[in-house]
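Report on one structure; see the data block that follows.
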Amino acid sequence: MENLYDYKKFAVLYVDDEEKSLVSFTRAFSDTFRIYTAASAQDGLKLLQEHGGEIGILMTDQRMPGEKGVWLLENARKLRPRILRILVTAFTDMDAAIEAVNNGSIYKYVSKPWDPAQLELHLRQGLEFFMVAAERDQLLHEKMSVLRNMMIADRIVSLGLLAAGLSHQIRNSMVAVKTFLELAPVKMEEEKGSTADGLRDPGFWKEYHHNVQSQIEKINGLLADLRTASENKSGAPFADEIQVQPAVAAVLAGLQPAFAARRIVVENQIPENLPVIHADLPKFNRLFELLFKDELAMLPAGSRIRLTAEAVTNGHRPGIAIRLTDNGPALPQDALRVVLDPFTGGAPSEYGINLMACFFIAHHHGGTIEAVSPAGGGNLFTIRLPLQPEPVSSSSEDTQFLKKAMLNEQLWDKLIASS
């Protein structure tokens, strides 16, 4: 039967103060396992600190000069709790082995002198247990990530549909409201019985009408932003190839009169030689329009904004991090919470609603947006976008993922039952 495990994927660290024992261990098992050795507990701990991510099993003698084996096992449990720990004991050290078992410090204990065939079986089983546990943890992490992404995607789609429907209904309703407001001053003038001078004042109604119309336009604009952020293009998504520096510069150019009127200086220090990113250009532009408009609304006259960017790698996915820094007052905490997680941040403020649309646009592209108010003052927005957003996984890929997850669960249960 073909072996399912690569026993050299993770190493075995053996610690013993007897040089002959270390040599014998290496000679007996180096063909099957990747071996590290150390001659003291302190040296063993140093190896764990330097190569802990590569080590699956720590096996140590108990009786050594200086710190004992149990000391090393306790520190290993704190440093790398997933590593399986084996204590090698002589008959006279059996009390230490029993204490280690009771404290949960070890996976097994082995009597000294050890039997090569029996020890090899223990090492094989231990590495199998370690590898399946590591893969199980990874799969659980992936499952949680997939579930969270599915929940967010579902909420984004629902919000997009809601925004589209509300926008349509509100626009229709506002026609009636607008007509009423236009006719109201005339009707009130016709009502001779009224004695409220303010209600017959054309100036009052003009100002009131203007304020209501402004609020209507603001509502429609916010709904349109949310709808734009959650809609998908027909055809191939992310088809636009965007050079970040000129794209952001074009958005800035459109808002330059507004910045100049408030004497706000914008320093565009984004490098021109950044990699091209694939995105939906209208959404990309709208993201920065919303950010800049929030800055215009929030910053006092004479403020400064600085834009920087750099190529980054998020996991195995290359991308670009774009940072906007200002020297204005800190954003309200409600707005910051909405940027971090719009689903748990509570009721958004005026800024928070715009930033929520920015969150959806960034998420639509497989990216993120973060906002912090540093202790020194001002605000820092960080937008991370992948160079190539990943398409939604197909049903066949989901099926393979579930098969792998179920197989891993079966192996895990089998190992638990046999240990």
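What follows is calculated from the coordinates using simple rules that are stated; it is not laboratory data. Keep in mind the model is a prediction, meaning the values are calculated, not measured. Glycine also receives a Cβ, built like all others from the backbone with ideal geometry; neighbour counts cover every protein chain displayed.
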**Prompt:** With labels modelled as points extended 7 Å from the Cα through the Cβ direction, what inter-label distance (nm, one decimal) is found for Gln118 paired with Glu74?
**Reply:** 2.8
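Given segment 11-114, what count of lysine pairs have C-alpha atoms under 18 Å apart, with each pair 8 or more places apart or on different chains?
7
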**Request:** Would you compute, for the Cα atoms of segment 11-114, the largest minus smallest coordinate along each principal axis and list the three values in descending order, in whole Å?
**Result:** 33, 28, 24
